1. State which residue is least open to solvent (accessible area, probe 1.4 Å) when the search covers only segment 29-62 and only residues that are among the small types (Gly, Ala, Ser), closer than 22 Å to residue 1 by Cα and assigned to a helix (DSSP H, G or I).
2. Suppose we filter segment 19-28 for residues that are within 11 Å of the chain's Cα centre (by Cα) and either surrounded by 12 or more Cβ atoms within 10 Å (Cβ to Cβ) or assigned to a helix (DSSP H, G or I) (or both); how many remain?
3. List pairs: first in segment 1-20 and closer than 13 Å to residue 46 by Cα, second open to solvent by 70 Å² or more (accessible area, probe 1.4 Å), Cβ under 8 Å, 6+ apart or cross-chain?
Amino acid sequence: MNISDNQQAILAFIAQRIEEEGVPPSQTEIANALGFRGVRAAQYHLDILEQAGYIRRLIVHSFPLRLIIY
């Protein structure tokens, strides 16, 4: 599957961030870096990249601890 210039730029940005910081960028960071108006544009391109097999998104659950009773 051919990918667009934006999708190639996203892949390059992801690879750069992983190399420099050890973690991939957030969807918001991708949207800001590529000049998208909103996060949904980044999500759209990430969906295509995932369907094409270029990336795999992992669902990470973060359960912050909240003290209710002390």
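1. 42
2. Of the residues in that region, 5 qualify.
3. Going by the 8 Å Cβ cut-off, the qualifying pairs are 3/54; 7/54; 11/54; 14/24.
The values are calculated or read from the model by the stated rules, or taken from the named source; none is laboratory data. Small disclaimer: the values here were computed from a predicted structure and weren't measured. All Cβ positions, even for glycine, are placed from backbone atoms using ideal geometry, and neighbour counts span all protein chains on display. The accessibility values were calculated without ligands, DNA or RNA, using every heavy atom of the protein model including side chains. Shrake-Rupley method; radii C 1.70, N 1.55, O 1.52, S 1.80 Å.
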